[in-house]
1. Scanning for something within 14 Å of chain B (Cβ to nearest Cβ), surrounded by fewer than 13 Cβ atoms within 10 Å (Cβ to Cβ) and not charged (D, E, K, R), does region A:230-238 turn up at least one residue?
2. Could you tell me how many of the residues in region A:11-52 are more than 16 Å from A:Asp138 (Cβ to Cβ) and of a type in the set (A, V, I, L, M)?
3. Under the condition of being surrounded by 11 or more Cβ atoms within 10 Å (Cβ to Cβ), free of Cβ contacts under 8 Å to residues at least 24 places away in the same chain and not in a strand (DSSP E or B), which residue from region B:81-123 is farthest from the other protein chains (Cβ to nearest Cβ)?
4. Among the residues in region A:132-140, are any of a type outside the set (Val, Ile, Thr), within 12 Å of the chain's Cα centre (by Cα) and within 14 Å of another protein chain (Cβ to nearest Cβ)?
5. With (1) more than 14 Å from chain B (Cβ to nearest Cβ); (2) of a type in the set (A, V, I, L, M, F, W, C); (3) touching a residue at least 24 places away in the same chain (Cβ under 8 Å); (4) closer than 23 Å to B:Glu122 by Cβ as the list, and A:Ile70 as the residue in question, which single condition is left unmet?
6. Among the strands (runs of 3 or more DSSP E) confined wholly to region A:188-290, which include 1 or more residues that are among the aliphatic types (A, V, I, L, M)?
7. Can you tell me which residue among A:Ser97, A:Ser116, A:Ser109 is within 14 Å of chain B (Cβ to nearest Cβ), among the hydroxyl-bearing types (Ser, Thr, Tyr) and out of contact with any Lys or Arg (no Cβ under 8 Å at 6 or more places or on another chain)?
8. How many of the residues making up region B:124-141 are aliphatic (A, V, I, L, M) and within 11 Å of another protein chain (Cβ to nearest Cβ)?
Amino acid sequence: MTGFKGRDVISIKDFSKEDILHILETSKKMESPTPTLLAGKIMATLFFEPSTRTRLSFESAMESLGGSVIGVADPATSSAKKGELLWDTIKMADAYSDVIVLRHPVEGSARLAAKSASGPVINGGDGANQHPTQTLLDLYTIMKTQGKIEGLSIAMVGDLKYGRTVHSLASALALFGCKLYFIAPESLKMPNYILSELKEKGVAYSEHEKIEEVIDKVDILYSTRIQQERFPDKEEYEKVKNVYIITPALFKNVRKNLKIMHPLPRVNEITPEVDELPYAHYFKQAANGVPVRRAIIALVLGKVE
Amino acid sequence: MSEDKGREIPDIREGTVIDHIPSHATTKVMEILNLDGHNYVISMGNNLESNKMGKKGIIKVGGKFITEEEANKITIIAPTATVSIIKNFKVDKKMRLKLPKIIDKIIKCKNPNCITNVQNIETRFNVIKEEPLTIKCEYCERLMEADRSCTLDFVYSRAATV
């Protein structure tokens, strides 16, 4: 395991299994935060794209550890609007803060920011590329609810082609010997480059078109939104938008420990009646963003080992 | 005319000869070697007859011994190229070229929404696989399958199938 102090958090692929387990262990400790742990530390949040959960949970995490937050909420009000290069914006934020959280619509922006800043940079999502803290909170949620990650059966359903969340999660789960089920219509299947990566790592996976084919065999059902904005052809979107709607009728013979996860926001893929079932876990999953982000901030600032 | 002599191009006393360059890549090899401001004689021939290749390019750079690192960069777009160091009109050393593990600047990222394209940042790729050449952008992490026979504008012709 590599030390965490000063380390950037840009891509889940930069982290070994030991690194990931250490972050999850630290997250568990951070369920009850020490309110003065990050006193005097400043986090700069640069969100060049709308975000609710990521931004709020980062800010909540920092404040609950006694640190403070400065930020640019709307790029229209910042000098980026005047054409300032991201490199320069980051240099400034680096000078004003101890750690930077960046969300940016352009892929690779977080890696560039990490090169520009001398302090640690945390990627809060760079376009369709990476969102490592989401993957870490997904793993934390799985571990917390199932008591382990190793050897679980996990199904991912919905937009597996464009969804960065499922790509990163699949790569990370490959380290834990999980059995993976991918459920998607033909047009939204898991990309070949992810499947080849899984094959190379010897991961057991199978592809399906119906949730019913696998629902009784899994510990986690990870649902994703079919993202209208990603479809070049609206007719194609209309064809698949209602393919996977999760209703209570699906859960007749499922495992008792089954949990439904979703990175949120949901549109119509999980009906509100499902929220009442013991399997519904997506709001708890979102809540787990706070201890996980507390752990990440504290680790990169060197305040916990 | 014997194909290996490249006699259409005058010999050099000291320097480097890059031979067997695919014709479409000859000017690009010049660009990669960044010879702007070089004060010695540089001769270039292109579309020369070659038994093995049909047509080929050759570049003779007087007064400069190119490094292994520079030579390896050439292989990205000219896998057939041979590089010889010339001393006193004779071949002093033939370099064995190998593909570098990291490719800086030469290739443009295929992803239009990559920061390197949006803000004109110098590119950097990791070589994932040599055959077919598969590279990964260090910034946007996009995988590209690079077609080494098509090098126009240093933009490889297609992204890896996803």
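The values are calculated or read from the model by the stated rules, or taken from the named source; none is laboratory data. Note that this is a predicted model, so its numbers are computed, not measured. Cβ coordinates were reconstructed from backbone atoms using ideal geometry, including for glycine residues, and neighbour counts include every protein chain displayed.
1. Residues of region A:230-238 within 14 Å of chain B (Cβ to nearest Cβ): A:230, A:232.
Retained after the next criterion (residues that are surrounded by fewer than 13 Cβ atoms within 10 Å (Cβ to Cβ)): A:232.
Imposing the further condition that a residue be not charged (D, E, K, R) reduces the set to A:232.
Yes, region A:230-238 contains at least one residue that is within 14 Å of chain B (Cβ to nearest Cβ), surrounded by fewer than 13 Cβ atoms within 10 Å (Cβ to Cβ) and not charged (D, E, K, R).
2. So the answer is 8.
3. For region B:81-123, the residue satisfying everything is B:Lys105.
4. Looking for residues that are of a type outside the set (Val, Ile, Thr), within 12 Å of the chain's Cα centre (by Cα) and within 14 Å of another protein chain (Cβ to nearest Cβ), one finds at least one in region A:132-140, hence yes.
5. (4)
6. Where strands (runs of 3 or more DSSP E) fall fully within region A:188-290 and carry at least 1 residues being among the aliphatic types (A, V, I, L, M), they are A:220-223, A:259-261.
7. Values: A:Ser97 fails: within 14 Å of chain B (Cβ to nearest Cβ); A:Ser116 fails: out of contact with any Lys or Arg (no Cβ under 8 Å at 6 or more places or on another chain).
Answer to the selection: A:Ser109.
8. Result for region B:124-141: 1.
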